[in-house]
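Visitor: Have a look at the structure that comes next, please.
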2 protein chains.
Amino acid sequence: MQLSVTGIHMNKDQYITLAHGNGGRFMRELIEQLFARHLHNPLLDVQTDAMNLGKMDGEIIFSVDGFTVQPLEFPGGDIGSLAVHGTVNDLAVSGAIPRYLSLSAIIEEGLLIRDLERYIISMARAAENAGVVIVTGDTKVVPRGHGGGLYLTTTGIGIKKSGVNLGIQRIQPGDHILVSGSVGDHGTCVMLAREAFGLRGDLQSDSACIVPLADQLTEFDGLKFMRDPTRGGLATVLHELAGLSGYSFMLQEEQIPVQDPVRTVCEMLGYDPLYLACEGRLVAIVAAEQSAAALTALQQLEDGQRAAIIGEVGQQGGDVILRTALGGERILDELEDDPLPRIC
Amino acid sequence: MQLSVTGIHMNKDQYITLAHGNGGRFMRELIEQLFARHLHNPLLDVQTDAMNLGKMDGEIIFSVDGFTVQPLEFPGGDIGSLAVHGTVNDLAVSGAIPRYLSLSAIIEEGLLIRDLERYIISMARAAENAGVVIVTGDTKVVPRGHGGGLYLTTTGIGIKKSGVNLGIQRIQPGDHILVSGSVGDHGTCVMLAREAFGLRGDLQSDSACIVPLADQLTEFDGLKFMRDPTRGGLATVLHELAGLSGYSFMLQEEQIPVQDPVRTVCEMLGYDPLYLACEGRLVAIVAAEQSAAALTALQQLEDGQRAAIIGEVGQQGGDVILRTALGGERILDELEDDPLPRIC
């Protein structure tokens, strides 16, 4: 990215053209007046295609995520904030302190420049809130009909918190399963925002930075594992953990927080909220003797008020089993051909 | 990415569907049987969305590039190898030793799985050749008509070579400008591969890893600056350097290596090879007293046989000036509305 904000001002009521991707003046102005201006930070002030981060103490954690959400804006967020939260959250659940992001933007010809600017501003705010800086970037423009308006990829670098030891191999029968809030909000919200179903509501995406939640939990040495349940939702995360650990995961259905509008929409459309994406929740496996204290710690945070203990790790088996209030049991299978595309 | 290669074998004569992006079984199989299988390395064997790289000594260099080249395959390369070379080369010209890459793949519904596998194999070979490992990744699938087959983003981490001090502020009048080989090959080759002009030829893209070239040059303390002339070509790189340094950059037209087929195609279609992308070349600014030795060092490498000293840094001015063999002068302006989209 470029050094500084110079040159004539872009007309932001114009649209992205192929010339904004050709390496020349239009591209330079786009980068200077939108990306560099809003993502401005001391480290971005360089003149090369690569960024020197200096020496970093501690173990380095590296994570990447692509974002193709449709629509680009939805109640509670947009692709800009989502792209920051997604990668920052992956670092946080690994027990890392997120530090730096890179950004790759693939922009479709015809995107309104003012809309692009709004997503960049949203990204800048989310980064500031999460305590990360976006230090290097790249933009490409693809012809009309070859993109979805805007695709983003963020890659994050974090530093492992010392003394935090997380891993599937630490999970044992009897451990408790915690979730930091209601599940399926983001997936349901994005579905509704597409207006494809003629349904509207005041449901908001849960898209958020979960660093404060993870920070609370890493104070407990009984914390075994964390993950953010994005694509495929809570059921998919637990299914993966069950498969890798070899243990079954037992859930109490009535303990799992699901918002009423999410439940209603899912019942109408035949979706299961346990398989729908969250973008600001955390699932944690915690030793039973510390789970009550860990729950209290989560509930003291604004984003953790609806946190709950939703089940426990069972014996060998590798299944995810949902127990209903009436005593029935249902196996939550791995998600198959049930796509809800471009949810994140 | 997932742990291991398991489960039933995919039918690679099938096409990517939206279910390959939903977080469930089809996505897991795609990742296990294509990405993890071919990009396999010890570090990829983890069970989280983030990778622990351990402690790293030295200054950390971070760089990102998106790749949207069309067509996905062209003589001399494909989007897979290009995506490795692009980011590795950005690290190399910063004076770093490339170490790790992350990969984000945005795949369009309808891509033949066998084609996708070919690009991944190409990427694996390019990474091995460049001495980097692809340690973490993410895949998304977008609906038919919302992508270009495949878009890739790679983000690289390198370690700054100690004792190498590069920067625009070191450039002085009298420094020599070197290029490691012929310019415009990649841009011309991709244009021809589109078959839009009814022209065919045996021209190959120059897409390659320039780490060995950069390694040679960093032995010289008179090396001031390096850059790879990708989008916008040689002229755009020099225009940026001229603007940032304040000096004019004087080029001798007949010294700039341009392959005959590139010259011929550009003359027919009205392109200037100095503005067309290279993907395996290096431009260097070297103190005059060391430029002959630096040139010899480049020419000893297979990819540097056509290296040349193409001009020198002039006095204050900030222009890029092309001197012809007949003594004429032409200012190479900043590229404006002359897009050749999806060249990289």
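Visitor: Please compare each pair in A:Lys160/B:Lys12; A:Lys140/B:Lys140; A:Lys160/B:Lys161; B:Lys55/B:Lys224; A:Lys55/B:Lys224; A:Lys160/B:Lys224 to a cut-off of 27 Å on the Cα-Cα distance and tell me which ones are over it. Don't jump to the answer; show the numbers that get you there.
Guide: On the way: A:Lys160/B:Lys12 39 Å; A:Lys140/B:Lys140 18 Å; A:Lys160/B:Lys161 24 Å; B:Lys55/B:Lys224 30 Å; A:Lys55/B:Lys224 22 Å; A:Lys160/B:Lys224 36 Å.
Exceeds cut-off: A:Lys160/B:Lys12; B:Lys55/B:Lys224; A:Lys160/B:Lys224.
Visitor: Using amide H atoms built in the peptide plane, which far-off residues or other-chain residues are under 5 Å from B:Gly181 H to H?
Guide: B:Leu282, B:Ala308
Visitor: Could you size up the charge dipole of chain A around its Cα centre, putting +1 on the beta carbon of Lys and Arg and -1 on that of Asp and Glu, and report it in debye to the nearest 20?
Guide: Numbers: 25 positive and 44 negative charges, 182 e Å.
With only Lys, Arg, Asp and Glu charged at Cβ, the dipole is about 880 debye.
Visitor: Please provide three numbers in whole Å: the alpha-carbon extents of the protein assembly as shown along the principal axes, with the largest listed first.
Guide: 93, 49, 48
Visitor: Once you list every other residue whose beta carbon is under 11 Å from the beta carbon of B:Gln172, what net charge do they have if Lys and Arg are +1 and Asp and Glu are -1?
Guide: 0
Visitor: Place the label 7 angstrom along Cα→C-beta at A:Asp57 and in each other copy, then list the distances from the first to the rest in nm, shortest first.
Guide: Listed shortest first, these distances are 1.8 nm.
Visitor: Right, next: Between A:Gln305 and B:Asn11, what is the spin-label point distance in nm, taking each point 7 Å from the Cα along the Cα→C-beta axis?
Guide: 5.2
Visitor: Ranked by accessible surface with a 1.4 Å probe, highest first, in what order do B:Tyr119, B:Tyr247 come?
Guide: Order by accessible area, largest first: B:Tyr247, B:Tyr119.
Visitor: Something else about it: In whole Hz, with x marking every Gly and Pro, tabulate ³J(HN,Hα) for the range A:178-188 from phi via Karplus 6.51 cos²θ - 1.76 cosθ + 1.60, θ = phi - 60°.
Guide: Karplus values, whole Hz, x for Gly and Pro: 10, 10, 7, x, 5, 10, x, 4, 4, x, 5.
Visitor: Let me ask something else. Under the convention of a label 7 Å out along Cα→Cβ, give the distances in nm from A:Glu329 to the same position in every other copy, shortest first.
Guide: 8.7
Visitor: Okay, moving on. Under a 5 Å amide H to amide H cut-off, with H placed in plane at 1.01 Å, what residues pair with A:Leu223 once short-range neighbours are removed?
Guide: A:Ala287
Visitor: If you count the DSSP beta bridges with both ends in chain B, what percent of them are antiparallel, to the nearest 5?
Guide: 75
Visitor: Right, next: Over all residues in B:140-150, what is the mean tally of Cβ atoms on other chains that come within 10 Å of each residue's Cβ?
Guide: Neighbouring Cβ atoms belonging to other protein chains average 5 per residue here.
Visitor: Continuing with this model, one more query. Rank-order B:81-90, A:151-160 by packing density, defined as the average count of other C-beta atoms within 10 Å over each peptide's residues, highest first.
Guide: Highest mean packing first, the order is B:81-90, A:151-160.
Visitor: Express the C-alpha Rg of chain A as a ratio against the empirical globular expectation 2.2 N^0.38 Å, rounded to two decimals. Working shown, then result.
Guide: Details: Rg = 21.1 Å, N = 344, 2.2 N^0.38 = 20.2 Å.
Ratio of Cα Rg to 2.2 N^0.38 Å: 1.04.
Visitor: Amide H to amide H under 5 Å from A:Leu150: which residues, 5+ apart in sequence or cross-chain, H placed 1.01 Å off N in plane?
Guide: Under 5 Å from the amide H of A:Leu150: A:Glu108.
Visitor: If you don't mind, another one. For chain B, what is the relative contact order in percent, using Cα pairs closer than 8 Å and at least 6 residues apart in sequence?
Guide: Relative contact order for chain B comes out at 21 percent.
Visitor: Another one. If one computes the Cα centroid of the range B:68-96 and of the range A:200-245, what distance in Å separates the two points?
Guide: So the two Cα centres are separated by 35 Å.
Visitor: Per residue Cα convex hull volume for the range B:168-331, in cubic angstrom?
Guide: Convex hull volume per residue, Cα atoms: 106 Å³.
Visitor: Using unit Cβ charges (K, R positive; D, E negative) and no other charged atoms, how large, in debye to the nearest 20, is the dipole of the protein assembly as shown about its Cα centre? Don't skip to the answer; put the middle values down first.
Guide: Values: 50 positive and 88 negative charges, 64 e Å.
So the magnitude is around 300 debye.
Visitor: Next up: Please compute the Cα-Cα pair-distance distribution of the range A:2-160 with 5 Å bins starting at 0, giving whole percents from short to long.
Guide: The calculated distribution, bin by bin, is 2, 9, 19, 22, 21, 14, 8, 4, 1, 0.
Visitor: Now for a different question. Chain pair A, B: how much accessible area is buried, both chains summed, with a 1.4 Å probe, in Å² to 100? Don't skip to the end; give the middle numbers.
Guide: On the way: alone 15650 and 15610 Å², together 25020 Å².
The contact between B and A buries close to 6200 Å².
Visitor: Applying the Karplus parametrisation 6.51 cos²θ - 1.76 cosθ + 1.60 with θ = phi - 60° to the phi angles of the range B:124-130, what ³J(HN,Hα) value in whole Hz is obtained for each residue in order, glycine and proline being reported as x?
Guide: 4, 5, 5, 5, 4, 4, 8
Visitor: Let me ask something else about it. Return the sequence-ordered ³J(HN,Hα) values of the range B:253-265 in whole Hz as given by the Karplus equation 6.51 cos²θ - 1.76 cosθ + 1.60 applied to θ = phi - 60°, using x for Gly and Pro.
Guide: Working through the residues one at a time gives 3, 6, 8, 7, x, 10, 5, 4, x, 5, 4, 5, 4 Hz.
Visitor: Further question on the same structure: Based on alpha-carbon centroids, what's the gap between the range A:255-334 and the range B:100-173 in Å, whole number please?
Guide: 36
Visitor: To continue, here is another question. Using +1 on the beta carbon of Lys and Arg, -1 on that of Asp and Glu, and nothing else charged, what's the dipole of the range A:168-331 about the Cα centre, debye to 20?
Guide: 280
Visitor: So what's the back-of-envelope 222 nm ellipticity for chain A, counting only DSSP H runs of four-plus at -39500 (n - 2.57) apiece and dividing by all residues, rounded to 500?
Guide: Calculated from helices alone, the mean residue ellipticity at 222 nm is -8000 deg cm²/dmol.
Visitor: If I fit a long axis through the Cα atoms of helix B:233-245 and take the longest principal axis of the Cα atoms of chain B, what angle between them do I get, 0 to 90°, rounded to 10?
Guide: 70
Visitor: Let me ask another. Could the peptides A:204-214, B:312-322, A:91-101 be put in order, highest first, of the mean number of other beta-carbon atoms found within 10 Å of their residues?
Guide: Top to bottom by mean Cβ count within 10 Å: A:91-101, A:204-214, B:312-322.
Visitor: Something else now. Of A:Met191, A:Met250, which has the most accessible area with a 1.4 Å probe, and how do the rest follow in descending order?
Guide: These residues rank, largest area first, as A:Met250, A:Met191.
Visitor: Distances from B:Gln204 to the same position in the other copies: list them in nm, one decimal, shortest first, using label points 7 Å from Cα along Cα→Cβ.
Guide: Between copies, matching label points for B:Gln204 lie 5.7 nm apart.
Visitor: Enter the mean number of other protein chain beta carbons within 10 Å of the beta carbon of each residue in A:224-237, as an integer. Working shown, then result.
Guide: On the way: counts 0, 2, 1, 3, 1, 1, 2, 7, 6, 1, 0, 2, 6, 1.
The shielding value for this peptide is 2.
The values are calculated or read from the model by the stated rules, or taken from the named source; none is laboratory data. This one's a predicted model, so the numbers in the text were calculated from it and none came from an experiment. Quick reminder, even Gly has a Cβ in these numbers, built from the backbone with ideal geometry, and neighbours come from all protein chains shown. Protein only, heavy atoms only, side chains kept; ligands, DNA and RNA dropped before computing areas. Shrake-Rupley method; radii C 1.70, N 1.55, O 1.52, S 1.80 Å.
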